[in-house]
1. Determine, yes or no, whether Lys160 is of a type in the set (D, E, K, R), assigned by TED's automatic domain parsing to the domain that holds Ala208 and in contact with a His (Cβ under 8 Å, 6 or more places away or on another chain).
2. Quick check, is Lys153 surrounded by fewer than 20 Cβ atoms within 10 Å (Cβ to Cβ), farther than 26 Å from Phe239 by Cα and of a type in the set (Lys, Arg)?
3. How many residues does segment 358-395 contain that are within 14 Å of Phe321 (Cβ to Cβ) and under 35 Å from the mean Cα position of the chain (by Cα)?
4. Only one of Asp169, Asp148, Asp132 is within 23 Å of His69 (Cα to Cα), in contact with a Lys or Arg (Cβ under 7 Å, 6 or more places away or on another chain) and among the acidic types (Asp, Glu). Can you tell me which?
5. Here is a check on your reading of the model: is Lys89 under 23 Å from Lys153 (Cα atoms), in the same structural domain as Thr203 (by TED's automatic domain parsing) and touching a strand residue (DSSP E or B) at 6+ places or on another chain (Cβ under 9 Å)?
6. Which condition breaks for Ile410 when tested against (1) closer than 18 Å to Asp273 by Cβ; (2) touching a residue at least 40 places away in the same chain (Cβ under 8 Å); (3) surrounded by fewer than 18 Cβ atoms within 10 Å (Cβ to Cβ); (4) not polar (S, T, N, Q)?
7. Which condition does Gly255 not pass, out of (1) assigned to a strand (DSSP E or B); (2) loosely packed, with under 14 Cβ neighbours inside 10 Å, if it passes all the others?
8. Of all residues in segment 204-243 being surrounded by 16 or more Cβ atoms within 10 Å (Cβ to Cβ) and β-branched (Val, Ile, Thr), which is nearest to the chain's Cα centre (by Cα)?
Amino acid sequence: FDPNPNGGVVAVALTPDSRYLATLSALPVQTLAIWNWTIDGDVPVCSADLKQEFGIQSFIYFDPTDINHLVTNSESQVLFYNWEENSMKYYAPPLTDRDFNKPVGRYSQSLFQIGIARALTATSLGNLVVWDNNRPLSKIMDVNQSADKKPLKIIKVHDKGISVLTNTDNYIVIGDTAGHVKFFDQGLRLIYWYQDFHSGPCTAISFAYNAEFLTVPNEGSKYPSDATKQAKPFVVRDFIVGTAIAVYCSLVTDGSKMKIIHREHDAAVHAVDCHPRLPIVAIGSYSGLLKLWNYRTKEVIASRMFEKSHIQCVAFDPKGFLIAVGCTNGVVYLVDSVALLNQINDSFKYAYDAITHITFSHNSTYFATADEGFTITVYKRQRKEGRNPYIWHGRYRSHYKPIKDLLFDIHLDTNEPKLLSMGEDRMLIEYDLHHSGKTNNHVVP
């Protein structure tokens with residue numbers, strides 16, 4: 001099934017019964033098409049070409065009570081549609097900052113309210129734009145849906161931008177750029193909010209499907225109290241929140257139990273190294289996330305977040321027991337290769353510049369780092385029980401341009417490791433790792 005083979009798809013949506021599929025093409029002149037994909041997916045039921053002046057429409061939402069109405073929006077224009085077999089009409093109601101004498105903001109997502117003929121659109125300024133049928137004002141609220149709408153009012157519901165707008169049961173749900181999730185009734189009165197995710201701006205909210213779900217709490221349940229005067233138990237479905245920093249959080253509402261169920265890199269990956277014996281690769285990024293990935297089973301073995309750190313390079317030791325992690329702030333961590341737990345009491349912090357290279361000697365007696373300060377640092381293994389497995393051995397600045405490679409070789413006569421570095425200054429330098437002098441620095445060229 002390929003609805004737009006020439007340009008791809010920018011947004012999709014299914015009707016509540018999953019019979020019809022709506023797609024927005026990614027071509028310069030966008031097409032909204034409705035597909036009865038369960039019967040014949042080759043030809044759309046109906047479609048409409050959209051004007052380029054409406055911007056790139058990137059969100060679709062079907063009216064859950066009347067699937068013949070739907071809404072799409074770009075950052076600057078909201079469109080309302082009415083479709084039937086072989087025909088589709090749409091309306092583009094105008095709205096500017098001058099209409100209500102307040103800034104509107106950029107549109108993010110839209111939905112239809114339940115039980116009334118109104119729609120809502122969230123904006124980047126924390127506003128909700130309320131759309132109503134384009135008819136003379138009346139005290140009687142219209143319940144017959146129409147695609148011909150006009151802006152009725154703008155309601156400020158949050159100080160931060162609203163990035164997600166959805167609903168569950170009879171609640172309107174908002175996710176914002178601060179990572180908060182708020183629940184409103186159909187009158188847009190705040191009922192409850194969750195604000196302890198600390199996982200970045202919301203990009204998606206999905207509620208669990210349970211056909212037997214009841215809004216009446218069971219005996220012994222631990223649902224929080226809502227924000228009404230009665231302080232009734234706030235019973236809502238469990239849900240998952242996706243965020244802009246590639247984190248998925250699961251929240252069990254009975255007891256408000258939150259946990260991170262998946263985390264991915266949300267910044268550039270600069271560090272990759274393979275396990276010397278097993279089909280495992282270590283991946284580190286500027287988000288501070290280090291993951292161990294089994295490339296045969298396609299599974300994540302372990303992951304760890306290094307807070308406020310950008311991982312620049314990683315290296316396994318020759319036996320694959322340890323991983324050295326170098327960061328852009330000059331810090332070096334030493335962790336095990338199973339659970340990524342610290343193997344030293346504290347991190348090594350001898351460099352003031354980003355760590356660019358890490359390498360181990362063939363017998364794991366030494367490991368060395370190079371940094372952007374044109375300096376190499378060597379650490380030596382100690383085998384005393386209860387102490388750090390490696391200690392500082394020496395540090396030397398022998399280049400005047402960036403170091404491009406760092407490696408350990410072997411002395412052929414003694415089988416002892418030797419360290420070499422290559423710089424942009426075209427200098428290949430071998431280091432004496434057993435220097436004895438007046439200082440504790442045992443590393444010299």
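1. Values: of a type in the set (D, E, K, R): yes; assigned by TED's automatic domain parsing to the domain that holds Ala208: yes; in contact with a His (Cβ under 8 Å, 6 or more places away or on another chain): yes.
Judged against the criteria, Lys160 is a match.
2. Values: surrounded by fewer than 20 Cβ atoms within 10 Å (Cβ to Cβ): yes; farther than 26 Å from Phe239 by Cα: yes; of a type in the set (Lys, Arg): yes.
So Lys153 fits the description; yes.
3. Adding up the residues that qualify gives 2.
4. On the way: Asp169 fails: in contact with a Lys or Arg (Cβ under 7 Å, 6 or more places away or on another chain); Asp148 fails: in contact with a Lys or Arg (Cβ under 7 Å, 6 or more places away or on another chain).
Among Asp169, Asp148, Asp132, only Asp132 is within 23 Å of His69 (Cα to Cα), in contact with a Lys or Arg (Cβ under 7 Å, 6 or more places away or on another chain) and among the acidic types (Asp, Glu).
5. On the way: under 23 Å from Lys153 (Cα atoms): no; in the same structural domain as Thr203 (by TED's automatic domain parsing): yes; touching a strand residue (DSSP E or B) at 6+ places or on another chain (Cβ under 9 Å): yes.
No: the conditions fail for Lys89.
6. (1) is the only condition that Ile410 fails.
7. Result: Gly255 fails condition (1) only.
8. It comes out as Thr243.
The values are calculated or read from the model by the stated rules, or taken from the named source; none is laboratory data. The model shown is predicted, which means the values in this text are computed figures rather than measured ones. Don't worry about glycine lacking a Cβ; one is built from the backbone with ideal geometry, like all the others, and counts go over all protein chains shown.
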